[in-house]
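Novice: Let me give you the structure first, and then I'll get to my questions.
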Amino acid sequence: MTQSNPASRDAVEALLARARARRSLSQPTANAEAPDEPAAQIGQSADDIPASSYRIDQFDAYQTLKLQKALADQAGLENPFFRVHEGIASATSRIDGAEVLNFATYNYLDLNGHPAVAEAAFKAIRQYGVSASASRLVSGERPPHQALEQALATLYGVDDAVVFVSGHATNVTAIATLLGPRDLIIHDRLIHNSVYEGAKLSGAQRRGVAHNDYRAVDALLTRERGRFEKVLIVVEGVYSMDGDIAPLDELVALKKKHKALLMVDEAHALGVLGRAGRGSQEHFGLAPGDVDIWMGTLSKTLCGCGGFIAGCFELIELMKLTAPGFVFSVGMPPALAAASTKALELMLEEPERAAALQANGRYFIEQANAAGLEVGRSAGYSVVPVMIGGSVRAARLSTALGKRGLNVQPITYPAVEEGEARLRFFVTSAHSKAQIREAVTLVAETLAELKATHGDE
Ligand code: PMP
């Protein structure tokens, strides 16, 4: 068992004492007349302003980080994040000079590093340079932008598409552009942070519904549809933390019934679902207009960087002319657009890649079940969590596995509820069956050892 050292215990105690003191300072007193007005509590003059209001190292958020780090040190945990990969991360990678088995990459179809993808990027750099230099409105388009957008529109069978420089910013800016204070956003409780941030920014009312509970969506809309102008339902094709699939057939019927809009985030579904990896639309056999707003990221299967929105002409026009994350942000580097276009082409020309990923996802689940590991709700595609329980155990397990040559990241509180910490495996087309067996065996053995040495932490 790891012994905590006295110095770090003292540091933790000091931080806890400060956190407690600050909490009691910020509690409004019983007779405070205006507890919601921060000015009344902060001070009359500059002399009264506490350091926590103007020194970043004293900010509550920073002190919380420090506390978490001290607690982790005390528990003898190493930081499992920011590991440096020394080459292309695929089924294997190189970390600290050693080859490791890798389940921590979004390189779902093993296209990052494909010579044709790299060549498309080199060619674009030679022709256009590395940067688009400014917003496309002012510095203009480059042919790779248009080619990628056309390819994405064709993929979804819709009028048009537009690409943004960040997947996260795509959700934030698209949602905040389309919805406002008279509207309602219904999102799955497990929706990605970017949707949540966009919903907050929009000023619309928000309702999180229980995961994949389309009946709750129906009941909510039956009760409340009439109170709002526009209603947007947002789900993920494949959920990023759990690896299960949104009930899109039911949701399409509901959005039609209640005259709502449906937005699907395809980040983990593109390249993953459907015979050729075309995503949720192919998986469910949906008609092009069934989903109003297709959103996806370019950082995963399409091995670039950024996000896209695909849909009707009017949607794309609104995005291109009014979405702040597009209008006031630089255009995507042409080389990345060219790389993603080539990756999309390869995905469609070689459907055996998506088939291999799907077979690997199923195999991972079978092997994990046979080894007594729990995979939660995963449907066995790109994302397979192995449920561990406590955050400390998940972090400790990830570190121990790293030392045994398996790179997999822990997902801990606050990304998931405490008690639901997990190791999140990204399964790709490049993994072999033997690598999957080896990973599952390593996890089962290492987890059993940790339980024996550290008990219920
Ligand atoms: N949506 C989902 C479901 C995601 O998982 C992510 C991040 N992985 C994003 C949006 C943001 O995409 P990006 O990392 O490409 O900015």
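Novice: Within the stretch 317-338, can you find the residues that are of a type in the set (A, V, I, L, M, F, W, C), assigned to a helix (DSSP H, G or I) and more than 15 Å from the ligand (Cβ to nearest atom)?
Specialist: Leu318, Met319, Leu321, Val327, Ala335, Ala338
Novice: Among residues belonging to the stretch 252-285 that are touching a strand residue (DSSP E or B) at 6+ places or on another chain (Cβ under 6 Å) and more than 16 Å from the ligand (Cβ to nearest atom), point out the one that is nearest to Leu298 (Cα to Cα).
Specialist: Selected residue: Leu261.
Novice: Looking only at the stretch 186-219, filter to residues that are part of a helix (DSSP H, G or I) and away from the ligand (no atom under 16 Å from the Cβ); which one of those is nearest to the chain's Cα centre (by Cα)?
Specialist: Ser202
Novice: Looking at Glu314 and the list (1) free of Cβ contacts under 8 Å to residues at least 60 places away in the same chain; (2) within 12 Å of the ligand (Cβ to nearest atom), which single condition is not satisfied?
Specialist: Against the list (1) free of Cβ contacts under 8 Å to residues at least 60 places away in the same chain; (2) within 12 Å of the ligand (Cβ to nearest atom), Glu314 comes up short only on (2).
Novice: Something else about it: Select from the stretch 135-182 the residues that are in contact (Cβ under 8 Å) with a residue 12 or more places away in the chain and of a type in the set (Ser, Thr, Tyr) and write down the one among them that is surrounded by the most Cβ atoms within 10 Å (Cβ to Cβ).
Specialist: Thr170
Novice: OK, next. Restricting attention to the stretch 158-185, which residues are of a type in the set (A, V, I, L, M), assigned to a helix (DSSP H, G or I) and either near the ligand (Cβ under 8 Å from one of its atoms) or over 14 Å from Ala323 (Cα atoms) (or both)?
Specialist: Within the stretch 158-185, just Ala169 meets the criteria.
Novice: Could I ask something else about it? Among the aliphatic types (A, V, I, L, M), under 18 Å from Gly76 (Cα atoms) and at pLDDT 95 or above: is that true of Leu373 in this structure?
Specialist: no
Novice: In the stretch 401-457, how many residues are among the aromatic types (Phe, Trp, Tyr) and within 13 Å of Gly361 (Cα to Cα)?
Specialist: The total comes to 2.
Novice: Answer yes or no: is there a residue in the stretch 125-134 that is at pLDDT 95 or above and crowded, with 21+ Cβ neighbours inside 10 Å.
Specialist: So far as the stretch 125-134 goes, no, none of its residues is at pLDDT 95 or above and crowded, with 21+ Cβ neighbours inside 10 Å.
Novice: Right, something else. Consider Ala338 carefully, then state whether it is under 20 Å from Gly113 (Cβ atoms) and either crowded, with 18+ Cβ neighbours inside 10 Å or hydroxyl-bearing (Ser, Thr, Tyr) (or both).
Specialist: yes
Novice: Can you find a residue that is among the polar types (S, T, N, Q), more than 16 Å from the ligand (Cβ to nearest atom) and touching a residue at least 24 places away in the same chain (Cβ under 8 Å) anywhere in the stretch 117-132?
Specialist: Taking every residue of the stretch 117-132 in turn, at least one turns out to be among the polar types (S, T, N, Q), more than 16 Å from the ligand (Cβ to nearest atom) and touching a residue at least 24 places away in the same chain (Cβ under 8 Å).
Novice: Next up: Which of the residues spanning the stretch 220-238 are within 16 Å of the ligand (Cβ to nearest atom), within 18 Å of Ile175 (Cβ to Cβ) and in contact with an Asp or Glu (Cβ under 8 Å, 6 or more places away or on another chain)? Quick ask: steps written out before the conclusion?
Specialist: Narrowing the stretch 220-238 to residues within 16 Å of the ligand (Cβ to nearest atom): 232-238.
Now restrict to residues that are within 18 Å of Ile175 (Cβ to Cβ): 232-237.
Leu232, Val234, Val235, Glu236, Gly237, listed by residue number.
Novice: Next question, about the same structure. For Tyr413, only one of the following conditions fails: (1) among the aromatic types (Phe, Trp, Tyr); (2) surrounded by 21 or more Cβ atoms within 10 Å (Cβ to Cβ); (3) farther than 27 Å from Ala98 by Cα. What is its number?
Specialist: Looking at each condition in turn, Tyr413 falls short on (2).
Novice: What tally of residues in the stretch 349-392 results from selecting those that are within 17 Å of Cys303 (Cβ to Cβ), in contact with a Leu (Cβ under 8 Å, 6 or more places away or on another chain) and part of a helix (DSSP H, G or I)?
Specialist: Residues meeting the conditions: 3.
The values are calculated or read from the model by the stated rules, or taken from the named source; none is laboratory data. What you are looking at is a predicted structure, and each value in this text was computed from that prediction instead of being measured. Here the Cβ is made from the backbone with ideal geometry for all residues, glycine too, and neighbour counts use every protein chain on show.
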